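What follows is calculated from the coordinates using simple rules that are stated; it is not laboratory data. Everything quoted here is computed from the prediction, not taken from an experiment. All Cβ positions, glycine included, derive from the backbone under ideal geometry; neighbour counts span all protein chains shown.
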Amino acid sequence: MALNILGLDVQKTKELVTDLNVLLANFQVYYQNLRGIHWNIKGKGFFELHAKFEELYNDSQIKVDEIAERVLTLGGEPLHTFEDYIANAKVPVGKHVSQDVKAVELIVTSISELIQLERALLDKSDEASDEGTNSMMSDFIAEQEKTIWMMNAWLGK
């Protein structure tokens, strides 16, 4: 088994880089969805949701950077084109979403997709003894589970 400079299996690391890039692409689509609903939200919940969506897109922007930097740390190259993002996206694209319930439902659906990708990465990073990626995925999942709970509470679920 060949090890890289970090002491991780080279082949497993390549697989992690691929999966991290898929997560990166999905986060970029999620981020853009958040920008869109932040800009376009209408209705009586405007002030509350406008601020919440901004909080979420700022957090997503940080996570995008963390994922890209993890890809680089593992010796890969982060995806960086819209073409790559769309080709790898499982998160739905939210187009023309301005109604409050639809916007919050889009967030819940998107985060659910992200968590599935993160859980798969958590398993693979654990198997590869990649504590850096493992820790990042654990942190993301815990935070996003709380966001889903809060969004579902807002939806009355």
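Could you tell me how many of the residues in the range 53-65 are under 21 Å from Asn134 (Cβ atoms) and surrounded by 14 or more Cβ atoms within 10 Å (Cβ to Cβ)? Quick ask: steps written out before the conclusion?
Applying the first criterion (under 21 Å from Asn134 (Cβ atoms)) to the range 53-65 yields 59-60, 62-65.
Those still in the list that are surrounded by 14 or more Cβ atoms within 10 Å (Cβ to Cβ) too: 59-60, 63-64.
Of the residues in the range 53-65, 4 are under 21 Å from Asn134 (Cβ atoms) and surrounded by 14 or more Cβ atoms within 10 Å (Cβ to Cβ).
Might you check whether a residue that is within 17 Å of Ile62 (Cα to Cα), surrounded by 15 or more Cβ atoms within 10 Å (Cβ to Cβ), out of contact with any strand residue (DSSP E or B) (no Cβ under 9 Å at 6 or more places or on another chain) and of a type in the set (D, E, K, R) occurs anywhere in the range 94-102?
Checked the range 94-102: no residue is within 17 Å of Ile62 (Cα to Cα), surrounded by 15 or more Cβ atoms within 10 Å (Cβ to Cβ), out of contact with any strand residue (DSSP E or B) (no Cβ under 9 Å at 6 or more places or on another chain) and of a type in the set (D, E, K, R).
For the range 41-137, give me every one of the helices (runs of 4 or more DSSP H) that falls completely inside it and has 1 or more residues that are within 20 Å of Met150 (Cα to Cα) and out of contact with any Asp or Glu (no Cβ under 8 Å at 6 or more places or on another chain).
Correct list: 46-73, 100-127.
Restricting attention to the range 27-52, report how many residues are among the aromatic types (Phe, Trp, Tyr) and surrounded by fewer than 16 Cβ atoms within 10 Å (Cβ to Cβ).
Summing the residues that are among the aromatic types (Phe, Trp, Tyr) and surrounded by fewer than 16 Cβ atoms within 10 Å (Cβ to Cβ) in the range 27-52 gives 3.
For the range 108-142, give me each residue that is closer than 24 Å to Trp39 by Cα and either without any contact (Cβ under 8 Å) to a residue 40 or more places away in the chain or among the hydrophobic types (A, V, I, L, M, F, W, C) (or both). Break it down stepwise before answering.
If we filter the range 108-142 for residues that are closer than 24 Å to Trp39 by Cα, which is where we start, we get 108-114.
Matches in the range 108-142: Val108, Thr109, Ile111, Ser112, Leu114.
Does the range 71-94 contain at least one residue that is closer than 27 Å to His50 by Cα and acidic (Asp, Glu)?
no
Listed residues Glu83, Glu105; which is among the acidic types (Asp, Glu) and either without any contact (Cβ under 8 Å) to a residue 24 or more places away in the chain or loosely packed, with under 15 Cβ neighbours inside 10 Å (or both)?
Just a single option satisfies the conditions, and that option is Glu83.
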